[in-house]
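Each remark here refers to the structure printed beneath this line.
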Amino acid sequence: MNSSPFSCGFAIIIGPPNAGKSTLLNEILDYKLSIVTPKPQTTRKKITGIYHNDTCQIIFLDTPGIMKPQQQLHESMLEIIRTTLKDADIVIALLPFSGKKDLFDREFAEELFNDWLKPSGKRVIAVLNKCDLVTPARQLEAEEIVKSTWNPAAVLSVSALKSSNLPQLIETIRPFLPLHYPLYPEDTLSTAPERFFVSEIIREKIFLLYGREVPYSTEVVIDEFKEQHEADPTRKDLIRCSVIVERETQKQILIGHKGVALKKLGQTARKDIEEMLGRPVFLELFIKVRPDWRKKNNLLKSYGY
């Protein structure tokens, strides 16, 4: 552990679906980088978010939630976590408070610490999220349980939603990072390209606008991203996307009666995309059926899994 002038390193955020991993990253960066919905398993790929202050640069790696895999897509998501874990200087094990008698999901915590973290040999900071759901006395009780059971390098309670204790979290992470100058310029928020965030925004809107299994059966692929506004301000950037589904019925749901649902999806996504890019865009969405794409390795690979 160091107490140096400047530190820089990688912190992976790992935990169950809906633990608040993406909300935590967004709050720390004070920028909406990871898409967030009330539905579990919204995050499917690794998202890099770069935090910078006078004493450190922390490259946060937000990962999909750990769950029991039901198809090849889930296996690919778990593989992303395993690979990302290897890059970490410190692991943030995020366990959400349940607000119930048992405080947090001990069965999951057991699996996380024993099956994932112990074999990795990485130092771990256990972070109990959603502390706004419990009293300070219950927070301390939960922290004691985590300390005595799994012995992580540090334990603290935060509320990502209410932004409480996040400066303490940064201070807790810093000593575990290597002494190093910053790897990225101060104004860099992520290493992912704009087109990645465009596809993520469209996926987020699908999660928010459609029910049941449709969002889980959907993937968004950017077919064309033409930047023409900068060279000619009378023209908008052109973005053409394929929205992939598994069944014809899902295609019909996405399009809706007389195309109303698809129009709404395009409008809400375009608004956020323009806000993120800071320039006007022309967004075209095409719905394509690829039967059982979540089970097919070749398709998963072509979609970046």
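Any read-out appearing in this document is the output of simple, stated calculations on the displayed coordinates, not a laboratory observation. Keep in mind that this is a model prediction, so the values were computed, not measured. Reconstructed Cβ throughout: ideal geometry from the backbone, glycine too, with neighbour counts over all protein chains shown.
The table that follows gives values for the structure above.
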read-out: Nearest-20 debye value, segment 194-302 charge dipole, Cβ charges on Lys, Arg, Asp, Glu; value: 500
read-out: Å³ per residue enclosed by the Cα convex hull of segment 18-169; value: 116
read-out: Within a Gaussian network of the chain (alpha carbon springs, distance under 10 Å), most fluctuating of Ile80, Ile58, Ile253; value: Ile253
read-out: Percent breakdown of C-alpha pair distances by 10 Å bin, ordered from the shortest bin, for segment 94-159; value: 22, 58, 19, 1
read-out: Tilt relative to the chain, helix 194-209 - C-alpha long axis, 0 to 90 degrees, to 10; value: 90
read-out: Residue-span extension gain [Lys226 to Glu111] - 0.36 nm each, minus C-alpha spacing; value: 36.9 nm
read-out: Whole-Hz ³J(HN,Hα) from phi, Karplus 6.51 cos²θ - 1.76 cosθ + 1.60, for segment 257-274, glycine and proline x; value: 5, 6, x, 5, 5, 5, 4, 5, 4, x, 5, 5, 5, 4, 4, 5, 5, 5
read-out: Whichever lysines have a C-alpha closer than 16 Å to that of Lys118, once near sequence neighbours (fewer than 8 apart) are set aside; value: Lys86, Lys147
read-out: Tilt relative to the chain, helix 72-87 - C-alpha long axis, 0 to 90 degrees, to 10; value: 50
read-out: Share of alpha-carbon pairs per 5 Å distance bin for segment 194-302, given as whole %; value: 2, 12, 23, 24, 18, 12, 7, 3, 1
read-out: Length added when fully stretched, Ala261-Glu194, from 0.36 nm per residue minus Cα-Cα; value: 21.6 nm
read-out: Most fluctuating residue given options Lys226, Lys46, Lys258, as computed from a GNM of the chain linking Cα atoms under 10 Å; value: Lys258
read-out: Ranked list, fewest to most other Cβ atoms within 10 Å of each Cβ, for Asp115, Asp54, Asp87; value: Asp54, Asp115, Asp87
read-out: Filter on Lys46/Lys263; Lys68/Lys295; Lys32/Lys226 - keep pairs with C-alpha separation over 18 Å; value: Lys46/Lys263; Lys32/Lys226
read-out: Longest to shortest principal axis, alpha-carbon extents of the chain, angstrom; value: 59, 43, 37
read-out: Folded to 0 to 90 degrees: helix 136-150 orientation relative to the chain principal axis, Cα; value: 80
read-out: CD proxy at 222 nm, helix term only [per DSSP H run n ≥ 4: -39500 (n - 2.57); per residue of the chain; nearest 500]; value: -10000 deg cm²/dmol
read-out: Alpha-carbon centroid distance for the pair segment 241-284 / segment 23-56, whole angstrom; value: 23
read-out: Segment 48-144: trypsin sites (Lys or Arg not before Pro) falling in loop per DSSP and having at most 14 other Cβ within 10 Å; value: Lys100, Lys101
read-out: Karplus-derived HN-Hα couplings along segment 38-48 (A = 6.51, B = -1.76, C = 1.60, θ = phi - 60°), whole Hz, x at Gly and Pro; value: x, 8, x, 6, 6, 7, 10, 10, 6, 10, 9
